[in-house]
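As structure tokens, the structure follows; a few thoughts come after it.
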Amino acid sequence: MKFIRMYSPVLLLMLGVLLSACTSVNPLASDAAKRQKVMTMHDTTLLKLYDVKPNVSSLIENAPGYAVFSDSNVNVIFASFSGGYGVAVNNITGNKTFMKMGEAGVGLGFGLKNFREVIVFHDEATMNRFVNNGWQFGGHADAAAILNEKGEAIGGEILIGNMTIYQLTTSGLAFQATVKGTKYWKDKNLNQY
């Protein structure tokens with residue numbers, strides 16, 4: 001226990017650096033290349049989700065909008081950190097808003113988990129609030145493991161305040177029960193085009 005207390009700040013810093021390196025779009029790439037990477041992730045994530053839950057396709061098509069995110073989560077004993085990127089799509093106007101996300105939490109857990117998240121908005125006000133304010137708070141408990149050698153597994157489906165959230169695990173193994181704060185915000189660089 002003394003070892004953990006003594007080295008935890010260093011371990012957390014190292015994990016934060018590792019996490020940010022794993023979850024970000026290449027900072028040296030052009031903005032157009034970064035947008036293309038986000039849209040490629042968007043397309044492949046939706047295809048995987050539709051393969052696992054085919055009825056979600058019509059739900060997304062008929063919703064006012066949706067968002068797709070790529071996220072990596074590191075959980076070390078009493079702390080959890082994650083970060084990622086994505087895009088929110090307004091089905092009414094066709095506008096795409098490129099976004100980032102970050103999460104921090106406290107609670108018991110261990111592991112590293114890469115996942116994709118699809119958020120379906122059931123009304124326009126919720127979608128606009130998410131894109132413009134982007135906050136989400138709450139407790140979170142999950143267990144995720146690789147389903148097969150490709151590392152694909154459905155993590156769950158949750159209904160929260162006029163949103164349905166689907167999570168696909170792409171790699172990793174994690175067990176966690178944490179209280180987290182999640183922040184989604186507009187990527188000011190990628191939205192200037």
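We did not get these values from a lab; they are worked out from the coordinates using the rules stated. As the structure is a computational prediction, the values presented were derived from the model and not from experiment. Heads up, the Cβs are rebuilt from the backbone with ideal geometry, glycines too, and the neighbour counts pull from every protein chain shown.
How would you rank Met101, Met163, going from fewest to most other Cβ atoms within 10 Å of each one's own Cβ?
Values: Met101 22, Met163 19.
Ordered from fewest to most neighbouring Cβ atoms within 10 Å, Met101, Met163 come out as Met163, Met101.
Tell me, Ile119, Ile160 in order of fewest to most beta-carbon neighbours within 10 Å?
Numbers: Ile119 24, Ile160 11.
In order of increasing Cβ crowding within 10 Å: Ile160, Ile119.
Provide Thr169, Thr164 in ascending order of the number of other Cβ atoms located within 10 Å of each residue's Cβ, fewest first. Provide the component values of the computation, followed by the final result.
On the way: Thr169 23, Thr164 18.
Least to most surrounded, the residues fall as Thr164, Thr169.
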